[in-house]
Amino acid sequence: MPGEKSRTHGGALLVSELRVLFRRRRTWAMLAALASIPVLMAVVVRLSAEPPGPGEGPPFLDQVTNNGMFVAVTALVLTTPLFLPLTVAVVSGDAIAGEASLGTLRYLLVAPAGRVRLLVVKYASAVAFCLAASGTVLLTGWAIGAALFGTGEATLLSGDTIGVGDAVVRSLLVGAHVTICMLGLAAVGLFISTLTDAGVGAMAAVAVLTIVAQVLGQLDQLAWLHPWLFTHHWLAFADLLREPIVWTSFMQNALLQAAYVAFFGALAYGRFSTKDVLS
Amino acid sequence: MARTWSRWLPAAVVPLVIAGSVAFAAQAGAEDLPERSPGDVLALLADRGHQPFSGEFEQTSDVGLPQLPGGVEVPGGDGDAAAVTSALEALTSDHTGRVFVGEEHQARLQVFDTFGERDVIVNGSDVWVYESAENAAAHTTLPADAGDHATTGEQLTPDAIADRVVEAAVPTTELSVREDVEVAGRAAYDLVLTPRTDATLVGEVAIAVDGETGQPLQVTVTARGEQAPAFRVAYTLLDLTAPDADLFAFTPPAGADVEEVSPPAEALQGDETRSPDHEPTVIGTGWESVAIIEAGERALADQPLLTQLTSAVDGGRLLSTDLVNVLIADDGRVLVGAVPLERLQAAAGSE
Amino acid sequence: MSATAPAAEQTEATSTELAIETSGLTKKFGQQVAVNGIDLAVPRGAVFGFLGPNGSGKTTTIRVILGLAAATSGSMRVLGRGVPAGLDDALPRVGALIEGPAFYPFLSGADNLRRLDAADRHANPATRDDRVAAALDRVGLAHAARKKARAYSLGMKQRLGIAAALLTPRELLVLDEPTNGLDPQGTREVRSLIRSVAAEGTTVFVSSHLLAEVEQICTHAAIMSVGSLVAQGSLADLRGSGQTVVRVTTPDGEGAVAQLRHLGLDAASVAPPRGAGRDLDVAAVEAPLSGDDPAPEDIVAALVAAGVRVRGFDVEQPSLEDRFVALTGEGFDVAR
């Protein structure tokens, strides 16, 4: 028996965490809300008498009628500043604080889950949600776009024309960029989640922070700060729709998000590993 | 509880590592170039051969004007008013973009907007201009003797600007070479042009000249008495391999408005202030030159936007920036120069 | 971890007889002292009652022992492992119910247990489903395994919490107020569950503010009052240090007092017992009895011989409650 006990089953907690995440009605409600955005957009464009002209409506909307796949890209433009981070704020802000307010945190810890392991698993599941969220927008966009407008050639920002295969690759890249954009936010959310026992408070704080960061990003007086805001490159995926692709902002964003993950991960570790769990 | 503080150690170390690697990246690779005299650097700049490359550049301006909201439409703003606002926009806003240079007479300039792009593509005698926000393209066929591409496309790039500055300013300028700089990961000479005259707002112009190829990598313009450059354009990334030839073969996308423009109308290709109807007169030389644009049909000073930006002075209204003064004279003429107001007023009087 | 293991190994040999051992354990929240330098010693194999009124620091002590909160000062060992360094090794052998059960309301009872079992990285996933079923069966929840936890009654949740503590064979079971919210039948079931777990050799550490519960099932007990440990030991030891009292019910109250005093007892009239309340002519007289006093039967004889009419005579052994009141100056909230 003691020999048996020394064996560890590390992945089980992650599997269990993902099950809990994706068995919650809340998770599905958020994914459904995200999916509704490309659907609504595509249906409205389809039903309108005149197709949108260049420069009308959100970016790339005029492209939608040529290539349905651009529904996905336009939907990502619409969801990235607010809806998507909001859902990520809910999941990441709830990560530790939610367990604390349910009271299950103490039981996980005496199981024992291990505080570092629990923190890592919680972040991993938040990452999985980011992927699921942007993937939902992307896939729904593709599906509804292809169904209503078909697929065809697409025009890049540089004026060059690309085929369907290339358009799929480009929109996948945009999805990847948006997912990476959410990773830093998820780390911030995880840290805030270790500060409180009130899940709703943590979610609200993360959501507010997202908006504050974007507002700060609009103030020219703070230009020195802008490259350090986690929201700085959120809409930079336009660079993936130029010919040839501009990788600079994609790479800078990946580095920036990695820095956020490292810093707020370290803060979350400092806080959570020394925290008195009294809930 | 001596253990507690050590849990916070990573949170203290991570920012240090990040700050360290940022500082290291900023420092790295400033290799030493052999000493060269200003004349040598100028020669290096002038004698550079045709070099295919692709590069990303960024342009920042801080000339002491409020940033104009993007896409401001000047009411009734045709002709001169539009020209002035577009010049203002170029002066006050920041741009990033890319430039590709292939074979001789093959170039492509891209200026990036958040969700848009403006492209100028030169391929032999074909010139395309594409604007994604409008999904509009314009095509011109250049006459065979149309000269090099610099006049048609790349006004915003360090290359073009450096050439123009040198051409215009060298006779009245003191040249010196500062400590080597690093631009886009390449070591460069920093050639400094200091005006010999006091009758200009320009304190100095610095051109970073690639130590190896002689290509200008950065141009900064600093106003007199200022420390930070008022205007800077620099490559952030430079790749000295020939870009894909497909980049220069432009076909306007389906559904785009395509306009065929006849060759002399260079107005479309960027420099709108040089519209053929109002070819400016230039008074003075070098740093002290003042360009005078004849009166248009409408009184510019009455445009609300311009009224807001300008202040009343003797003889008209003044738009004052750290680098450039613009006097909209009472008779409707527009005087532009990198000179103090008095000189503009004098020029307005002398005509 | 590997550096501390040999040390833990060594000391384990010297303290195997103690399942929980604390020394000078103190927990402060800011200026407020919640637990004040307590020295707990819970022998292995014991059913240990951790007594004290609500707010006396019981739950805080349990949280500190299980590593949920850090001690301000003092040291402790659980199953021979130092806390918090050796917790990873000790906790898989500890089942716990802390300050009431807590579950994911949107998961079924069985899924809740699976989740907690997955959190224990030493638990074997291959046997998980069987162990979950067995634990549910043991607390009588097999029929509700697939019901969502939000639909559970308070008593069912309490039993589910105990099931979670029994997912793997444990050496120590820490139960914080395990009968809270249970009806009398449920309380009996929990008591018999604790007895059966203890019979398997598991040490059981039960905190409670319900004296009767502790008296019925525990072999040992400790009493907390305002953050301090005021007594601990085997139940017999705790009782033994209290006073035996003789009580006389009689219509001749004054005579009884006089006669008992004559016998050298410190007698006094007390309120008549409840049952005799209507009998206006009956008085109750009590006197503590110590070792060198006459035997109770001799006292009765002496009373009768002196013409005191004895209607009732009792020798009351000290109860834990009396002990508790004597130590803390408070009574138990029996109603709860």
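Give C:Ala145, C:Ala134, C:Ala118, C:Ala123 a once-over and let me know the one that is under 21 Å from C:Ile194 (Cβ atoms) and either in contact with a Leu (Cβ under 8 Å, 6 or more places away or on another chain) or of a type in the set (A, V, I, L, M, F, W, C) (or both). Spell out the reasoning first.
Details: C:Ala145 fails: under 21 Å from C:Ile194 (Cβ atoms); C:Ala118 fails: under 21 Å from C:Ile194 (Cβ atoms); C:Ala123 fails: under 21 Å from C:Ile194 (Cβ atoms).
Of C:Ala145, C:Ala134, C:Ala118, C:Ala123, the one residue that is under 21 Å from C:Ile194 (Cβ atoms) and either in contact with a Leu (Cβ under 8 Å, 6 or more places away or on another chain) or of a type in the set (A, V, I, L, M, F, W, C) (or both) is C:Ala134.
Residues checked against (1) within 12 Å of another protein chain (Cβ to nearest Cβ); (2) not in a helix (DSSP H, G or I):
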site	(1), (2)
A:Ser158	yes, yes
A:Arg170	no, no
A:Thr179	no, no
A:Met182	no, no
A:Leu190	no, no
A:Ala207	no, no
A:Thr231	no, yes
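Of everything in the stretch B:62-80, what is at pLDDT 55 or above and buried (at least 20 other Cβ atoms within 10 Å of the Cβ)? Give them in sequence order.
To start, the set of residues in the stretch B:62-80 that are at pLDDT 55 or above comprises B:62-66.
Scanning the stretch B:62-80 gives a single hit, B:Asp62.
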When the stretch A:212-245 is examined, which residues are found to be free of Cβ contacts under 8 Å to residues at least 40 places away in the same chain and either in contact with an Asp or Glu (Cβ under 8 Å, 6 or more places away or on another chain) or of a type in the set (A, V, I, L, M, F, W, C) (or both)?
A:Val212, A:Ala213, A:Val215, A:Leu216, A:Leu219, A:Leu222, A:Ala223, A:Trp224, A:Leu225, A:Trp228, A:Leu229, A:Pro244
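Of the residues A:Leu267, A:Leu235, A:Leu278, which single one is at the interface with another protein chain (Cβ under 8 Å from one of its Cβ atoms) and within 16 Å of the chain's Cα centre (by Cα)?
On the way: A:Leu267 fails: within 16 Å of the chain's Cα centre (by Cα); A:Leu278 fails: within 16 Å of the chain's Cα centre (by Cα).
Result of the check over A:Leu267, A:Leu235, A:Leu278: A:Leu235.
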Would a scan of the stretch C:183-197 turn up a residue that is crowded, with 22+ Cβ neighbours inside 10 Å and in a strand (DSSP E or B)?
no
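In this structure, is C:Gly37 out of contact with any Cys (no Cβ under 7 Å at 6 or more places or on another chain), modelled with pLDDT under 95 and not in a loop (DSSP other than H, G, I, E, B)? Don't jump to the end; show me each part of the working.
Numbers: out of contact with any Cys (no Cβ under 7 Å at 6 or more places or on another chain): yes; modelled with pLDDT under 95: yes; not in a loop (DSSP other than H, G, I, E, B): yes.
So C:Gly37 passes the test.
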Can you go through C:Gly186, C:Gly161 and tell me which one is within 14 Å of chain A (Cβ to nearest Cβ) and within 23 Å of the chain's Cα centre (by Cα)?
C:Gly161
Those residues that are open to solvent by 40 Å² or more (accessible area, probe 1.4 Å), in contact (Cβ under 8 Å) with a residue 40 or more places away in the chain and either facing chain A (nearest Cβ under 7 Å) or within 20 Å of C:Glu177 (Cβ to Cβ) (or both), I need them from the stretch C:79-121; list them, please.
C:Asp88, C:Glu99
Filtering the stretch C:48-61 down to residues that are more than 10 Å from chain A (Cβ to nearest Cβ) and outside any strand (DSSP E or B), which residue is surrounded by the most Cβ atoms within 10 Å (Cβ to Cβ)?
C:Thr61
Would you check if there is a residue in the stretch A:176-195 being open to solvent by 50 Å² or more (accessible area, probe 1.4 Å) and modelled with pLDDT of 90 or more?
yes
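With respect to B:Gln59, determine if the residue is in contact with a strand residue (DSSP E or B) (Cβ under 8 Å, 6 or more places away or on another chain), surrounded by fewer than 17 Cβ atoms within 10 Å (Cβ to Cβ) and modelled with pLDDT of 80 or more. Even if it seems obvious, please write down each step before you answer.
Details: in contact with a strand residue (DSSP E or B) (Cβ under 8 Å, 6 or more places away or on another chain): yes; surrounded by fewer than 17 Cβ atoms within 10 Å (Cβ to Cβ): no; modelled with pLDDT of 80 or more: yes.
No; evaluated as a whole, the condition is false for this residue.
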Can you find a residue in the stretch B:50-58 that is outside any loop (DSSP other than H, G, I, E, B), acidic (Asp, Glu) and within 14 Å of chain A (Cβ to nearest Cβ)?
yes
For the stretch A:246-277, how many residues are in contact (Cβ under 8 Å) with a residue 40 or more places away in the chain, of a type in the set (Val, Ile, Thr) and open to solvent by less than 40 Å² (accessible area, probe 1.4 Å)?
1
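One line per residue, one yes/no per condition, for (1) under 35 Å from the mean Cα position of the chain (by Cα); (2) surrounded by fewer than 14 Cβ atoms within 10 Å (Cβ to Cβ); (3) modelled with pLDDT of 85 or more:
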site	(1), (2), (3)
C:His262	no, yes, yes
C:Gly275	yes, yes, no
C:Arg278	no, yes, no
C:Ala283	no, no, no
C:Val300	no, no, yes
C:Leu303	no, no, yes
C:Pro318	yes, no, no
C:Ala326	yes, no, no
C:Phe332	yes, no, no
Counting just the residues of the stretch C:122-145 that are surrounded by 14 or more Cβ atoms within 10 Å (Cβ to Cβ) and of a type in the set (Gly, Ala, Ser), which one comes out nearest to the other protein chains (Cβ to nearest Cβ)?
C:Ala123
Taking the stretch A:109-133 and the residues there that are free of Cβ contacts under 8 Å to residues at least 12 places away in the same chain and at the interface with chain C (Cβ under 9 Å from one of its Cβ atoms), the one that is farthest from C:Ala96 (Cα to Cα) would be A:Gly114
Residues in the stretch B:113-131 that are open to solvent by less than 20 Å² (accessible area, probe 1.4 Å), within 8 Å of chain A (Cβ to nearest Cβ) and over 16 Å from B:Thr157 (Cα atoms): how many?
2
Filter the stretch A:50-106 for residues that are in a helix (DSSP H, G or I) and among the aromatic types (Phe, Trp, Tyr); which is modelled with the lowest pLDDT?
A:Phe70
Set B:Thr200, B:Thr220, B:Thr173: member being open to solvent by less than 20 Å² (accessible area, probe 1.4 Å) and either modelled with pLDDT of 90 or more or touching a Cys at 6+ places or on another chain (Cβ under 6 Å) (or both):
B:Thr220
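The values are calculated or read from the model by the stated rules, or taken from the named source; none is laboratory data. In this text, all values refer to a predicted model and were calculated from it rather than measured experimentally. Glycine also receives a Cβ, built like all others from the backbone with ideal geometry; neighbour counts cover every protein chain displayed. The accessibility values were calculated without ligands, DNA or RNA, using every heavy atom of the protein model including side chains. Shrake-Rupley method; radii C 1.70, N 1.55, O 1.52, S 1.80 Å.
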